[in-house]
Amino acid sequence: MLAAAIVVAAGSGERFGGLKQFLLIDGERLVDRVVRTASQHCGQVIVVLPEGTEWDGPEVAAVATGGARHADSVRRGVEAMMQLAAISGSTPDVVVLASSSHPLASAGLYGRVIGAIAEGADAAAPMGLLADAVKERDGERVLRTVAKAQLVTAQAPCAFSVDVLRTVLASGDSAPEELELVERSGGVVVLVEGEATNIHITTELELAMARRLVGLVEAE
């Protein structure tokens, strides 16, 4: 199966306090590391950047300008992918949505989500296990304890059948992330083994933790 990756690095960094995608981890920018890792399993890599930003990282197949929302950036990445397909005459079977906020995702993790699509799933995500007790709250007041045996987090990168992703994006529906759109459409979304080191970087502390953990990430 042909796989392409869309690396979404178009965030404004408002919550973080700056453009974190261009900060360094182990001497390499976060976005560059994600592009490099994605390239090990994907024949094409498209990077989506903030408006007015020029790409000066590793070689990629295309560069797209992100939109105001995450969903807009994904759509523009998909549009760039399909423009490449029209030129080459070859459309990918699988598209991996990767994020510069998950720079420690290993190459093996990319392989696992792509493999799940090859086996027939419509979408796939790495799962993160919940170690602590889970509480539903109203402000500072606990309403109830939530049974966590059936609960997991969805890490990045996620993989999709290209046809399925294009269909749900064209539906006009909206959701915080594309996996939910596939769920709503009745598609088959599966989970693969995630990685404890696959930190979602949203704060300076998480960036510092990732810098400490980088040496533990699986190498391929």
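Bear in mind these aren't lab numbers, they're just calculated from the coordinates by the rules spelled out. Since the model is a prediction, treat every value here as computed from it, not as a measurement. Every residue, glycine as well, gets a Cβ built from its backbone with ideal geometry; the counts of neighbours run over all protein chains shown.
Suppose a student asked you for the relative contact order of the stretch 3-216, using Cα pairs under 8 Å spaced at least 6 residues apart; what percent would you report? Provide the component values of the computation, followed by the final result.
Working: 411 pairs, mean separation 48.2, N = 214.
Computed value for the stretch 3-216: 23 percent relative contact order.
Which ³J(HN,Hα) values, rounded to whole Hz and listed in residue order, are derived for the stretch 49-59 from phi using the Karplus coefficients 6.51, -1.76 and 1.60 in 6.51 cos²θ - 1.76 cosθ + 1.60 with θ = phi - 60°, glycine and proline given as x?
Result, rounded to whole Hz: 10, x, 4, x, 9, 9, 7, 9, x, x, 4.
What does DSSP give for the stretch 1-77 in terms of the percent of beta bridges that are antiparallel, rounded to the nearest 5?
Percentage antiparallel, nearest 5: 20.
Grab the other residues whose beta carbon is less than 12 angstrom from that of LEU24, score K and R as +1, D and E as -1, and report the net.
Numbers: positive: LYS20, ARG29, ARG33, ARG211; negative: ASP26, GLU28, ASP32.
Net charge in that neighbourhood comes out at +1.
Apply the Karplus curve 6.51 cos²θ - 1.76 cosθ + 1.60, θ = phi - 60°, to the phi angles in the stretch 172-181 and return the couplings in whole Hz, x for Gly and Pro.
Calculated HN-Hα couplings, in order: x, 6, 10, 7, x, 8, 6, 4, 5, 4 Hz.
Net charge within 14 Å of VAL162 by Cβ-Cβ distance, Lys/Arg positive one each and Asp/Glu negative one each, not counting VAL162 itself? Show your work: numbers first, answer last.
On the way: positive: ARG75, ARG166; negative: GLU79, ASP93, ASP122, ASP163, GLU178.
Net local charge, VAL162 excluded: -3.
For a quick check: with amide H placed at 1.01 Å from N, whose amide H comes under 5 Å from ALA10's, ignoring anything fewer than 5 positions away on the same chain?
The list, which skips near neighbours in sequence, is empty: none.
State, to one decimal in nm, how far the label point of THR203 lies from the label point of SER88, with both points 7 Å from Cα in the Cβ direction.
4.1
May I ask for the net charge around PRO58, where only other residues with Cβ less than 13 Å from the Cβ of PRO58 are counted and Lys, Arg are +1 while Asp, Glu are -1?
On the way: positive: ARG29, ARG33, ARG36; negative: GLU28, ASP32, ASP56, GLU59.
Net charge in that neighbourhood comes out at -1.
Indicate, rounded to the nearest 5 percent, the antiparallel portion of the DSSP beta bridges found entirely in the stretch 3-216.
Working: 16 of 36 bridges.
Antiparallel bridges make up about 45 percent of those DSSP assigns within the stretch 3-216.
Once phi is turned into ³J(HN,Hα) by the Karplus curve 6.51 cos²θ - 1.76 cosθ + 1.60 with θ = phi - 60°, what whole-Hz value does each residue of the stretch 89-101 show in order, with x for glycine and proline?
Going residue by residue, I get x, 9, 9, x, 8, 10, 10, 9, 9, 10, 10, 5, 7 Hz, with x marking Gly and Pro.
Given H placed 1.01 Å from N in the peptide plane, which residues other than close sequence neighbours of VAL192 have an amide H under 5 Å from its amide H?
For VAL192, the qualifying residues are ALA125, MET127.
What distance in nm separates the two pseudo spin-label positions at VAL214 and ALA133, each 7 Å out from Cα along the beta-carbon direction?
3.8
Note down the Stokes-Einstein diffusion coefficient of the chain in µm²/s, whole number, using a Kirkwood radius over alpha carbon pairs, 37 °C, and 0.692 mPa s.
Numbers: Rh = 17.9 Å.
It comes out at roughly 183 µm²/s.
Sort out for me the Cα centre separation of the stretch 151-198 from the stretch 123-139, rounded to whole Å.
16
Rounded, prolate or oblate: pick one for the stretch 88-157, where a ≥ b ≥ c are the square roots of the eigenvalues of its C-alpha gyration tensor, a/c under 1.5 means rounded, and failing that, prolate if a/b is larger than b/c, else oblate. Mind dumping the intermediate values first?
On the way: a/c = 2.91, a/b = 2.51, b/c = 1.16.
Since a/c reaches 1.5 and a/b is larger than b/c, the shape of the stretch 88-157 is classed as prolate.
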